[in-house]
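Novice: Starting off with a structure, shown below.
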Amino acid sequence: SLYIHFPFCRHLCNYCDFYKKIPKSADDITPFEQSLKKALKKHKTLFGKEHEWGELKTLYIGGGTPSLWGKRGALYLKELLDSEGIKLAKDGEFTLEVNPGTWNEEGLSAWQEFGINRYSLGVQSLRADYLKILDRVHSMDDVFDTLEYFNKKGHNFSVDFMLGLPWSEQKSRNVQEELTEILKYDPNHLSLYILTAKGGYPYKDELPQDDYLETEFLKVSDRLRSEGYEHY
């Protein structure tokens, strides 16, 4: 398996601890591409004569927001991996992370031609007030446009969905209603995350208590099982 981290985002959300920065222009991405090329050559040196890349069972492009890389990223990465003899197995899974509002059809078509066969959509919540609390820059229109596009295209896609958000109890967040909306788009998989935050998180003291989290998580788990999703 191989994970490649694309360390750029449109905006730095207040809860996220992954390494990333905001590119001022497309030129800011060039040093990253050069470093990635050097890193793969370094791996080849570390392998020595006794080892080589085998066929990948999984190839995951995460971030950051790799959908921002667009057509440029698909063409660059295909050329780079081909030059190093890195191939995906015929039954391998090739995933690209996509945030609402950060993609276009030209870029997705290029990734599709490259061999992407799974997309991970960073939805997080279907409430506008919670998108604001989470410091997301996409709108609800962006979310629904993205879900509708991937559903209509028949793509294999998963949805990132976040539990345990600040003021969940006080704001009467109805997770079940949000799930009902998401399930209308038939995602192949849902990744459920309970928000965890470091000391600098501005709403750390507003996170739900453990008993609330337990109830919220188990209800969601039961709901998705009843909808035919395997919990693993």
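The values are calculated or read from the model by the stated rules, or taken from the named source; none is laboratory data. Because the structure is predicted, anything quoted here is derived from the model rather than measured. Methodologically, a virtual Cβ is constructed for each residue, glycine included, from the backbone with ideal geometry; neighbour enumeration extends over all protein chains shown. Note: accessible area is taken over every heavy atom of the protein model, side chains too, but ligands, DNA and RNA are not part of it. Shrake-Rupley method; radii C 1.70, N 1.55, O 1.52, S 1.80 Å.
Novice: Rounded to the nearest 10 Å², what accessible area does Asp27 have for a 1.4 Å probe in the complete protein model?
Specialist: Using a 1.4 Å probe on the heavy atoms, I get roughly 110 Å².
Novice: Using only the Cα atoms of segment 128-202, each taken as one equal point scatterer with no solvent, compute I(q) by the Debye sum, divide by I(0), and report log10 of the ratio at q = 0.16, 0.24 Å⁻¹.
Specialist: Summing over Cα pairs of segment 128-202 leads to -0.66, -1.31.
Novice: Could you order Trp111, Trp53 so the one with the most accessible surface comes first? Probe is 1.4 Å.
Specialist: Trp53, Trp111
Novice: Accessible area per residue for the chain in Å², computed with a 1.4 Å probe and the full protein assembly in place, what is it?
Specialist: 56
Novice: A further question follows. What pairs from Lys90/Lys132; Lys90/Lys153; Lys49/Lys153; Lys152/Lys219 go past 32 Å between their alpha carbons?
Specialist: Lys90/Lys132; Lys49/Lys153
Novice: Hey, with R₀ at 35 Å, roughly what FRET efficiency would Ala128 and Ser35 work out to, going by the Cβ-Cβ distance, to 0.05? Could you put the intermediate results ahead of the total?
Specialist: Numbers: r = 37 Å, r/R0 = 1.07.
Given R0 = 35 Å and the Cβ-Cβ separation, E is 0.40.
Novice: First select every other residue whose beta carbon is under 15 angstrom from the beta carbon of Phe8; then total the charges, Lys and Arg +1, Asp and Glu -1.
Specialist: Cβ neighbours under 15 Å give a net charge of +1.
Novice: Using Cα pairs closer than 8 Å and at least 6 residues apart in sequence, work out the relative contact order for the chain, in percent. Intermediate results must be reported in sequence, preceding the final value.
Specialist: Values: 326 pairs, mean separation 39.9, N = 232.
Value for the chain: 17 percent.
Novice: Please give me the summed charge of the neighbours of Leu96: other residues whose Cβ is under 15 Å from its Cβ, Lys and Arg +1, Asp and Glu -1. Write out the running numbers ahead of the final one.
Specialist: Numbers: positive: Lys71, Arg72, Lys78, Arg118, Lys153; negative: Glu93, Glu97, Glu105, Glu106, Glu113, Asp160.
So the environment of Leu96 carries a net charge of -1.
Novice: Right, another one. Where does helix 140-153 land angle-wise versus the long Cα axis of the chain, in degrees 0 to 90, nearest 10?
Specialist: Between the helix axis and the principal axis of the chain, the angle is about 60 degrees.
Novice: Now, a different point. Taking springs between alpha-carbon atoms closer than 10 angstrom, which of Gly85, Gly164, Gly73 fluctuates most in the Gaussian network model of the chain?
Specialist: So, out of Gly85, Gly164, Gly73, the one fluctuating most is Gly85.
Novice: Given the convex hull over the Cα atoms of the chain, what projected area results after averaging over all orientations, in nm²?
Specialist: Answer in nm², one decimal: 14.2.
Novice: Over segment 80-191, one equal point on each Cα, no solvent: what is log10 I(q)/I(0) by the Debye formula at q = 0.15, 0.16, 0.19 Å⁻¹?
Specialist: Here the Debye-derived log intensity ratios amount to -0.69, -0.77, -0.99.
Novice: Could you tell me what percent of the accessible area of segment 104-232 is made up of carbon and sulfur, with a 1.4 Å probe and every protein chain present?
Specialist: Here it works out to 44 percent.
Novice: Which percent of the accessible area of segment 2-76 is formed by carbon and sulfur heavy atoms (probe 1.4 angstrom)?
Specialist: Details: 2730 of 4730 Å².
Carbon plus sulfur share of accessible area: 58 percent.
Novice: While we're looking at this one, here's another question. How much length is gained if the chain between Asp211 and Lys184 is pulled fully straight, taking 0.36 nm per residue apart and subtracting their Cα-Cα distance, in nm to one decimal?
Specialist: 6.8 nm
Novice: Using Cα positions and a limit of under 19 Å, work out the lysines in reach of Lys42, with same-chain residues fewer than 8 apart set aside.
Specialist: Filter leaves Lys78, Lys87.
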